[in-house]
Amino acid sequence: MLSTLATIWILHFAAMMTPGANTLLVSQLAASGDGKGASYAALGIGIGALVWSSASVFGISALFAAFPAMRLLLQVVGASCLIYIAYALWQSGEPAAAPARSLSAAHGVRAGVMTNLSNPKSAVFFGSVFSAALPDHANAGLFVAVVVLVVVNALWWHLLLAYLFSRKSVQSGYAAKRTLFTRLAGAVVGGLGLALLLGSLRAART
């Protein structure tokens, strides 16, 4: 059991260390001066990790294999969410006469959940790598421990990012090139969404 948990922790942490939509969302919010919104988004990402890991434990990869149309539908919805988030990021890069309002708890959590659930990196990790790391005949105790481990891992890492990018030194550097950084984040997230959408449509034709 301990070896399985250690393996999953290492794999999950390595996946989080690779920059993606989740990292961009939290860091961009925090660096722009919305530390609370970034923390709420980190909580939402943790909730998304709970959904992904629970679904993987209960065999989402087998479900997708049995019903390919369901995978395609989720991929298209996820891609659409990423493109919408990218558009919102790009729009937030427009010069403003007044400081941007902080995200409310509900909006921050929702943004984190949507970003994680529509993140193609999360889909790949939990649909393949994560599932492969689980033993074939695991008991309920291991499943619960794995889910808790993943959620805690996601929470502490993204809350740490929110704290680090909320530092004054980071914010001052961000403020000088806010439009560039925000639109770069929007372009990356939009690129991920478009790649997921085009890949899904190509797979549907084959």
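The values are calculated or read from the model by the stated rules, or taken from the named source; none is laboratory data. All of these numbers come straight from a predicted model, not from anything done at the bench. Counting neighbours? That spans all protein chains shown, and the Cβs are built from the backbone with ideal geometry, glycine included. When the accessible area is computed, the model is the full protein with side chains, heavy atoms only, and any ligands, DNA or RNA have been set aside. Shrake-Rupley method; radii C 1.70, N 1.55, O 1.52, S 1.80 Å.
Might you let me know whether the range 121-128 holds any residue that is more than 17 Å from the chain's Cα centre (by Cα), closer than 25 Å to Pro19 by Cα, polar (S, T, N, Q) and modelled with pLDDT under 75? Within the range 121-128, none of the residues are more than 17 Å from the chain's Cα centre (by Cα), closer than 25 Å to Pro19 by Cα, polar (S, T, N, Q) and modelled with pLDDT under 75. Among all residues of the range 75-89, there is none that is in contact with an Asp or Glu (Cβ under 8 Å, 6 or more places away or on another chain) and at pLDDT below 70. With Ala38, Ala21 as the choices, which residue is at pLDDT below 85, closer than 18 Å to Leu161 by Cβ and in contact with a Leu (Cβ under 7 Å, 6 or more places away or on another chain)? Of Ala38, Ala21, the one residue that is at pLDDT below 85, closer than 18 Å to Leu161 by Cβ and in contact with a Leu (Cβ under 7 Å, 6 or more places away or on another chain) is Ala21.
Give me the residue from the range 167-179 that is of a type in the set (A, V, I, L, M) and at pLDDT below 70 and, out of that set, nearest to Gly37 (Cα to Cα). Among those that are of a type in the set (A, V, I, L, M) and at pLDDT below 70, it is Ala175. The residue pairs whose first member lies in the range 8-21 and is open to solvent by 20 Å² or more (accessible area, probe 1.4 Å), whose second member is part of a helix (DSSP H, G or I) and among the aliphatic types (A, V, I, L, M), and whose beta carbons are closer than 9 Å, counting only pairs six or more residues apart or on different chains, are Trp9/Leu149; Trp9/Val150; Leu11/Val129; Leu11/Ala133; Ala15/Val124; Ala15/Val129; Pro19/Val188.
Close Cβ contacts (under 8 Å, 6 or more residues apart or on different chains) running from residues in the range 73-87 that are closer than 22 Å to Val26 by Cβ to residues that are modelled with pLDDT under 75 and hydroxyl-bearing (Ser, Thr, Tyr) comprise Ala79/Ser200. Scanning the range 102-116 for any residue that is open to solvent by less than 40 Å² (accessible area, probe 1.4 Å), farther than 20 Å from Ala195 by Cα and at pLDDT below 85 turns up nothing. Only one entry of Leu164, Leu159 meets the criterion of being in contact with a Leu (Cβ under 9 Å, 6 or more places away or on another chain), at pLDDT 75 or above and open to solvent by 70 Å² or more (accessible area, probe 1.4 Å), and that entry is Leu159. In this entry, Ala138 passes the filter for residues that are in contact with a Ser or Thr (Cβ under 8 Å, 6 or more places away or on another chain), modelled with pLDDT under 70 and under 25 Å from Phe13 (Cβ atoms).
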